[in-house]
1. Starting from the 7 Å offset along Cα-to-Cβ, what nm value, one decimal, do you get for the label separation of ALA78 and ILE129?
2. Could you please state how large a percent of the accessible area of the range 8-143 is carbon and sulfur, counting protein chains only and using a 1.4 Å probe?
3. Keeping all protein chains in place and using 1.4 angstrom, which order do ARG104, ARG36, ARG59 fall into by accessible surface area, from largest down?
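The values are calculated or read from the model by the stated rules, or taken from the named source; none is laboratory data. These numbers were taken from a predicted model, which means no experiment stands behind them. Using ideal geometry, Cβ is built from the backbone for each residue, glycine included, and neighbour counts are taken over all protein chains shown. With ligands, DNA and RNA removed, areas are computed over all heavy atoms of the protein, side chains included. Shrake-Rupley method; radii C 1.70, N 1.55, O 1.52, S 1.80 Å.
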Amino acid sequence: MQGFIITAFATLVGPSSVFVVLRFLFNQHLRRWSERSQKWQALESLVRTKGLPLIILIRISPFPPWVYSNSLFASIEAVSFWQYVTATIFVFPRLLLHVFIGSRIAALSDGNQRGHMDKQTKIINGLLIIGGFILAVCTSWLVYSMVQKHAQHLQESSHELAADTTEDSSEDDPLLRPSSPIVDDCA
């Protein structure tokens, strides 16, 4: 468990530095990149709508990988640096679990220590490893399904808006007539 302090410090300082660099040095490049992906735009819109709870959920989820979530949060102006840091702090319990599992795996792989473990300790170690995997799968599925639902909602909204616009217009509208007085005057 001695590795937790180093891991927590590195997890807080590293991604926070990346956030600051991306936000201030590559903001325009990130914006152009995010505008090309409809799913990325849906995720951005969802983060703006749901706020800090969703940011925390995305940070504790193993998907998307951290490099992409760093880029995501740096590219969304509605996400403040302190929201990002707060959401990153919520990763600490997972880090504690990783450090604990790592120490358990190290203990299980050491033949001398493994020989001194009782059956209950071995079972608890196995259950903790399985529980961590199940938690990762569940949070990933939740984030994925929320993004898909929101993307579908955005797509339906844009189709409804286009249909409403088409229904509201008529051939008598000045811009839809075959010849406009403005065009006739210029000729």
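1. Simple spin-label model gives 4.1 nm for this pair.
2. 70
3. Ranked from most to least accessible, the order is ARG36, ARG104, ARG59.
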